[in-house]
Amino acid sequence: RGQIVWHDYEQTEGEFVMRSYWKESIDIKNEVGYKDRIWIYGYGNSKLGIPDPPVTQTELEAYGKYVYNLTKELKDYTNNFEVWNETNWRAKYYPELTPQVYFNILKVSAENAKKYNNQSRIISGLL
């Protein structure tokens, strides 16, 4: 599995930059028959002033743009996306990460991933 962190992918609002080494890593795995699963790490985006986790409608809309652009760019590489990892562990340290907040993040992830690629699969990172 690979990870593409929001604040690395969108360092300036609206500018999404796919690093070549991310795609190279996915290519290597695909060559041996492993269809990669990409972690969507939308733990907020400090470079855009969006806290961790995104909670407000404005924050979730910005997060949705990250998901949309990421899944669009990776359509030829993978359809599998895990929203965060070990969310249950994170919830211990981030009290604002309630089940409802994570549900909202999953919902925004699924809606935006499927806007461009209806074959996208969104996988929960537990809670």
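The values are calculated or read from the model by the stated rules, or taken from the named source; none is laboratory data. This one's a predicted model, so the numbers in the text were calculated from it and none came from an experiment. Note that each Cβ is placed from the backbone with ideal geometry, even for glycine, and that neighbours are counted across all protein chains shown. Heavy atoms of the whole protein, side chains included, go into the accessibility calculation; ligands, DNA and RNA do not. Shrake-Rupley method; radii C 1.70, N 1.55, O 1.52, S 1.80 Å.
Looking only at the range 70-81, how many residues end up being more than 20 Å from Val32 (Cβ to Cβ) and either basic (Lys, Arg) or open to solvent by less than 40 Å² (accessible area, probe 1.4 Å) (or both)?
Initial filter on the range 70-81 (more than 20 Å from Val32 (Cβ to Cβ)): 70-73, 75, 81.
From the residues that got through so far, the ones that are either basic (Lys, Arg) or open to solvent by less than 40 Å² (accessible area, probe 1.4 Å) (or both) too are 70-72, 75, 81.
Summing the residues that are more than 20 Å from Val32 (Cβ to Cβ) and either basic (Lys, Arg) or open to solvent by less than 40 Å² (accessible area, probe 1.4 Å) (or both) in the range 70-81 gives 5.
Is it true that some residue in the range 91-100 is crowded, with 16+ Cβ neighbours inside 10 Å, touching a helix residue (DSSP H, G or I) at 6+ places or on another chain (Cβ under 8 Å), without any contact (Cβ under 8 Å) to a residue 40 or more places away in the chain and more than 18 Å from Asp8 (Cβ to Cβ)?
Yes, the range 91-100 contains at least one residue that is crowded, with 16+ Cβ neighbours inside 10 Å, touching a helix residue (DSSP H, G or I) at 6+ places or on another chain (Cβ under 8 Å), without any contact (Cβ under 8 Å) to a residue 40 or more places away in the chain and more than 18 Å from Asp8 (Cβ to Cβ).
Please go through the range 84-102 and give me each residue that is modelled with pLDDT of 80 or more and polar (S, T, N, Q), ordered by number.
Matches in the range 84-102: Thr98, Gln100.
Taking the condition hydroxyl-bearing (Ser, Thr, Tyr), without any contact (Cβ under 8 Å) to a residue 12 or more places away in the chain and open to solvent by 20 Å² or more (accessible area, probe 1.4 Å), does Tyr116 pass? If you could, list the steps in order and put the result at the bottom.
Values: hydroxyl-bearing (Ser, Thr, Tyr): yes; without any contact (Cβ under 8 Å) to a residue 12 or more places away in the chain: no; open to solvent by 20 Å² or more (accessible area, probe 1.4 Å): yes.
Answer is no for this residue.
Just name the residue that is farthest from Asn80 (Cα to Cα) out of those in the range 9-48 that are surrounded by 17 or more Cβ atoms within 10 Å (Cβ to Cβ) and among the small types (Gly, Ala, Ser).
Top of the filtered list is Gly44.
Having 2 or more residues that are under 22 Å from Phe103 (Cα atoms) is the bar; report the helices (runs of 4 or more DSSP H) wholly within the range 4-92 that clear it.
Details: elements: 6-9, 20-31, 57-73.
Those helices (runs of 4 or more DSSP H) span 6-9, 57-73.
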